[in-house]
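Inspection log for the structure reproduced underneath, given as structure tokens.
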Amino acid sequence: MQVLKDRVAIVTGGASGLGEATVRLFHEEGARVVIADVAEDLGRALAEELGERVVFRRCDVSLESEVEALVQDAAAELGQLDIMFNNAGISDPPVSVLDLAVEDFDRAIGVDLRGVFLGIKHAGRVMKTRGRGSIINTASASAHFAGGSPYAYTAAKAGVIQLTRQAALELGEFGIRVNSISPGMFFTRIYWGQVPEEQREAMRGFFAKGTAAWNPLHRMGEPIEVARAALWLASDESSYVNAEDIVVDGGSVRGVRRSNTWFGKLDRGESILE
């Protein structure tokens, strides 16, 4: 049984990474999907590959006019809007707070936080008239601890979680559920897009090895694992889940693996004084 049969979903940042995996899974589960992204070549290629139930629309989520048009056009062309996955995101440069340019800070906040706000605002308006809907926002495990990601990205993702909660409390009475997902380390375009193509496989190996060293599950996550969480939140199977943040990171935000602490030394019979 397809759990999203005849549902209409918008996935921002849907041309690659976590968004692409979610587009594919939503489509597989029967939804009609609008891919919204600024990466036109990737988005159009994905829509063409998946077929008639998937369309691509270029959208810069930091611009209200484009988000409003995206939502209104999707609802008009497809007859409804059931799911809004506010997933688009970028990062600011990994530099000291003393050196971070205001322009870079504002750009990341514009996409990562304002973009989510605009998606909630305009999808919520459409969903309110039908008395139902699921809005899902991509936060980050970085919102739960400091030091793991650049400044604007971390601040924006922490804001997404609180924005999610606030909107959920208001929109719940209209049958609209608002939740967020906090992914951990996934090797997606936000990372590999910053390095030359010939270096990406090596960089993926570096990420995978580093993540395995401290992750309780000994490995890096795969995009489909976030997509499955999004599918659950989008479906009626999570009908009483609202204002929640689901962390999909293998348990990393709860601490480091025992083997990497002095407990691990004790387990191995080693001295903790060295």
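The values are calculated or read from the model by the stated rules, or taken from the named source; none is laboratory data. The model shown is predicted, which means the values in this text are computed figures rather than measured ones. Cβ placement follows ideal geometry from the backbone for every residue including glycine, while neighbour counts extend to all protein chains displayed.
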Would you point out the residue of the stretch 159-184, among those that are within 12 Å of the chain's Cα centre (by Cα) and not small (G, A, S), that is surrounded by the fewest Cβ atoms within 10 Å (Cβ to Cβ)?
I161
Evaluate the stretch 148-158: report whether one residue or more is on the phi > 0 side of the Ramachandran plot, at pLDDT 95 or above and surrounded by fewer than 22 Cβ atoms within 10 Å (Cβ to Cβ).
no
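Determine which member of the set A227, A123, A212 is of a type outside the set (D, E), touching a His at 6+ places or on another chain (Cβ under 6 Å), in a helix (DSSP H, G or I) and closer than 26 Å to R24 by Cβ. Even if it seems obvious, please write down each step before you answer.
Working: A227 fails: touching a His at 6+ places or on another chain (Cβ under 6 Å); A123 fails: touching a His at 6+ places or on another chain (Cβ under 6 Å).
Unique residue meeting the criteria: A212.
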Within the stretch 59-72, track down each residue that is of a type outside the set (A, V, I, L, M, F, W, C) and within 18 Å of the chain's Cα centre (by Cα).
D60, S62
Taking V3 as meeting all but one of (1) buried (at least 17 other Cβ atoms within 10 Å of the Cβ); (2) out of contact with any strand residue (DSSP E or B) (no Cβ under 7 Å at 6 or more places or on another chain); (3) touching a residue at least 60 places away in the same chain (Cβ under 8 Å); (4) not basic (K, R), write down the number of the exception.
(1)
Only one of these is touching a Pro at 6+ places or on another chain (Cβ under 9 Å) and small (G, A, S): A45, A21. Name it.
A21
State whether one or more residues within the stretch 29-39 are of a type in the set (G, A, S), in a helix (DSSP H, G or I) and modelled with pLDDT of 95 or more.
no
Could you give every pair whose Cβ atoms fall below 7 Å, whose first residue belongs to the stretch 20-35 and is over 19 Å from G89 (Cβ atoms) and among the acidic types (D, E), and whose second residue is in a helix (DSSP H, G or I) and modelled with pLDDT of 95 or more, counting only separations of at least 6 or pairs across chains?
E29/L231
Cβ-Cβ distance below 9 Å, separation of 6 or more or different chains: which pairs start in the stretch 160-174 with a residue that is of a type in the set (K, R) and end on one that is surrounded by 14 or more Cβ atoms within 10 Å (Cβ to Cβ) and modelled with pLDDT of 95 or more?
R165/V178; R165/S180; R165/A243; R165/E244; R165/D245
From the set of residues in the stretch 92-105 that are surrounded by fewer than 23 Cβ atoms within 10 Å (Cβ to Cβ) and in contact (Cβ under 8 Å) with a residue 40 or more places away in the chain, which is farthest from V54 (Cα to Cα)?
V97
Scanning the stretch 197-237 for residues that are touching a residue at least 24 places away in the same chain (Cβ under 8 Å), in contact with a Phe, Trp or Tyr (Cβ under 8 Å, 6 or more places away or on another chain) and surrounded by fewer than 16 Cβ atoms within 10 Å (Cβ to Cβ) gives E222
